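Where a number appears in this text, it was derived from the coordinates with a stated rule and is not lab data. Given the structure is predicted, the values throughout are model-derived calculations rather than measurements. As a convention, Cβ positions derive from the backbone with ideal geometry for all residues, glycine included, and neighbour counts pool all protein chains shown.
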Amino acid sequence: MSGWPKADWFLVIPGLAHPHSELHAMEEMNAHPIEGDEIVVEQVKQDGYNEDNLNLVAKVISDKEIMFRTTKSVLMGIWGNLKGVNISDVARNTVLISFQDFSKGFKLWMGGPWSIKGCLVNMQPWNGKKSVMEADFKKMEL
């Protein structure tokens, strides 16, 4: 790669000789700059999230990782494999739970506390306006 300028980034497109040539890459792909163009971006629904549902972010309080499959299987088993429940993996020991039937979901939430492998599951309401990573698990009503 001698002779190429050093940079913090580079664009690699198969068949192009120089990885820093953005214009050349755009020409190869029949693309054009979008500067000044109006772009409409449609919001994609997050898997399992629906603003009309009862949505909870749940964290298994444990130093050890509890696998997503285990978390989902245990909760669904406790709740009798309730229809209209979607559980999505969002982070280590953290899931998003969405109940289509708000009242059933609320009863289950209030029927806790729940535990998985002896570890408390802290469930907090989530409205979709903030990141699930911003959920506050510092306290929980029992």
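Quick look at the values:
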{"read-out": "C-alpha center-to-center spacing [segment 47-76, segment 93-142] in angstrom", "value": "8"}
{"read-out": "Where labels lie 7 Å past Cα in the beta-carbon direction, separation of Asn81 and Met133 in nm", "value": "3.5"}
{"read-out": "Taking only Cα atoms of segment 54-134, radius of gyration then Dmax in Å", "value": "11.7, 33"}
{"read-out": "Where labels lie 7 Å past Cα in the beta-carbon direction, separation of Gln100 and Asp63 in nm", "value": "4.2"}
{"read-out": "Extension gain from Asp89 to Lys107, taking 0.36 nm per residue of separation minus the Cα-Cα distance", "value": "4.2 nm"}
{"read-out": "Paramagnetic reach from Glu141 (point 7 Å along Cα→Cβ, amide N under 18 Å) across segment 99-126", "value": "102-114, 121-126"}
